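The structure appears right after this line, and notes come after that.
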Amino acid sequence: MTAEDAERIGADVEAARAALYARLPGRPTLFLVAGSGLSGLADLLEDAVRVPFADVPGIPEPAVAGHPGAFVFGRLERVPALVQLGRLHLYEGHAPELVAVPARVAAALGVRAAILTNAAGAIHPLLEPGDLLLIDDHINLMWGNPLLGRALPGEERFPDMSEPYDRGLQALAMAAALELQIPLKRGTYAAVAGPSYETPAEIRMLRRLGADAVGMSTVPEVLAARARGVPALAISLLTNRAAGLSPGPLSHEEVLEAGRRAEQRLGRLIRQIARRIAERGGEPAAAR
Ligand code: HPA
């Protein structure tokens, strides 16, 4: 990002924050991003108010079918939550700093935690399509970082990434999963730019690098959240075995279909996480 880009992104974040602030009937404490095929997560909200991206300056319409663009505000188990429906991706040609604008806006609105969901391919031999994976750590192979260039106001220059995913939120998610008897595995997520799926040789490389799953999102948002001091939690729905690990070719349709099948289970888990947050007086994680 050049100084001018930073200026523009900073102005976009402020304009989007102001637009949402004016439209929302309350202040969100929880930010939730719905991944591919997971747009039903917004249906969990009570008293929902929907603000299409078209009404929010600085946020372009996502291009991929199955990703309608809107913010939905409402109560999730009494916790005021803002859901982002439809992500911006690097593979649409967007710069990482733009992809991270919704997370930056949510942080500027004062959210105390971000829960990011995504669809990912399974690499570890013990992971299977349909599994939910709590992301413990990530490897950024997107060749991009939304924090490049001049630091935006409110963002740390050199954010610590030794604990990219908040341990307190992870413990809360594991406890919620146990309570519901929903298996929740854990592992390392490799983020790539896409849009082509990986080759079998790339998957063998990612495995050797320590990746358990691979996808094309989430990391830009996590980096922006961490730079603004917002604790993050991320859950992947594994929609397929990664390239070369199963006989057939990969298709986006398969990814969306798997998302639709697992949506209810993930929704129940997220609702239970919110319930536990509500029990803690709406404080999602230790302030940091
Ligand atoms: N690779 C990258 N991104 C993905 C995949 C995959 O196999 N499945 C869902 N998103």
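No value in this document is a laboratory result; all are computed from the given coordinates. Being a predicted model, the structure only gives us computed values, none of them experimental. Virtual Cβ from ideal backbone geometry, glycine too; neighbours counted across all protein chains shown.
Some observations on this one:
- Region 60-211: C-alpha gyration tensor shape, a/c 1.5 cut-off, then a/b vs b/c: rounded
- Taking other C-beta atoms within 10 Å as the exposure proxy, Phe53, Phe158 rank Phe158, Phe53 from fewest upward.
- Taking every DSSP bridge with both residues inside the chain, close to 35 percent are antiparallel.
- Going from the residue with the fewest nearby Cβ atoms within 10 Å to the one with the most, Ile139, Ile235 rank Ile139, Ile235.
- Cα point-scatterer Debye curve for region 190-242, base-10 log of I(q)/I(0) at q = 0.15 Å⁻¹: -0.49
- Sequentially through region 118-126, phi angles give Karplus couplings (6.51, -1.76, 1.60; θ = phi - 60°) of 7, 9, 8, x, 7, 10, 4, x, 8 Hz, Gly and Pro residues having no value and appearing as x.
- The calculated pair-distance distribution of the chain uses every alpha carbon pair, bins of 10 angstrom beginning at 0, and gives 7, 31, 39, 20, 3, 0 percent.
- 222 nm mean residue ellipticity, helices alone, for the chain (DSSP H n ≥ 4; -39,500 (n - 2.57); rounded to 500): -10500 deg cm²/dmol
- Residue among Asn140, Leu98, Ser36 farthest towards the positive dipole end of region 27-184, charges placed on Cβ: Leu98
- Stokes-Einstein diffusion for region 184-288 at 10 °C, viscosity 1.306 mPa s, with a Kirkwood radius from C-alpha pairs, works out to 100 µm²/s.
- Gaussian network model of the chain, springs between alpha carbon atoms under 10 Å - residue of Pro129, Pro195, Pro62 with greatest fluctuation: Pro195
- When Thr117, Thr2, Thr29 are arranged by Cβ crowding within 10 Å, least crowded first, meaning fewest neighbours, the order is Thr2, Thr29, Thr117.
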